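The values are calculated or read from the model by the stated rules, or taken from the named source; none is laboratory data. Just so you know, these numbers come straight off a predicted model, no measurement behind them. Neighbour counts run over all protein chains shown; Cβ positions are idealised from the backbone, glycine included. Protein only, heavy atoms only, side chains kept; ligands, DNA and RNA dropped before computing areas. Shrake-Rupley method; radii C 1.70, N 1.55, O 1.52, S 1.80 Å.
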Amino acid sequence: MSDQTERLQPSAIKAAIRQKALALGFSDVGFTRADMPAVNQKGFLDFLAKGYHADMAWMETRVSERQHPKGLWSDARTILV
């Protein structure tokens, strides 16, 4: 496998992002799919209803975008967390 092909592999891309984030001072970095399963959507709504989001009002005003990231970025496949 050539160096260029290796750099395009998802695992190599994730490793490079992780390495850069840690070098910039992030304590951790993770990756998740750009969708939210129904069970997590309910949990998110419960989280908001209980006021766990504190003063982060934007979480309530942008519920749809948080539940359906592809609504903002239709080509999104992975989210950095």
Inset, instruction - Identify which of GLN41, GLN67, GLN19 has the largest mean-square fluctuation in a Gaussian network model of the chain, with springs joining Cα atoms closer than 10 Å. - result: GLN19
Legend entry - Per residue accessible area in Å² of the chain, where ligands, DNA and RNA are left out and the probe is 1.4 Å: 81
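How many percent of the accessible area of the chain is carbon or sulfur, using a 1.4 Å probe?
56
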Legend entry - CD proxy at 222 nm, helix term only [per DSSP H run n ≥ 4: -39500 (n - 2.57); per residue of the chain; nearest 500]: -13500 deg cm²/dmol
Inset, instruction - Pick out which of ASP46, ASP35, ASP55 has the largest mean-square fluctuation in a Gaussian network model of the chain, springs linking Cα atoms closer than 10 Å. - result: ASP55
Legend entry - Acute angle (nearest 10 degrees) that the helix 38-49 long axis makes with the longest principal axis of the chain, alpha-carbon atoms: 50
Legend entry - Rg to Rh quotient for the chain, alpha carbon positions, Kirkwood Rh: 1.09
Legend entry - Value of relative contact order over the chain, rounded to a whole percent, pairs C-alpha under 8 Å and six or more apart: 36
Legend entry - Inter-site label distance for ILE79 and ASP55 at 7 Å from Cα along Cβ, in nm: 2.4
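Using only Cα atoms, what is the ratio of the radius of gyration of segment 40-81 to 2.2 N^0.38 Å?
Details: Rg = 11.3 Å, N = 42, 2.2 N^0.38 = 9.1 Å.
Computed over Cα atoms of segment 40-81, the ratio equals 1.24.
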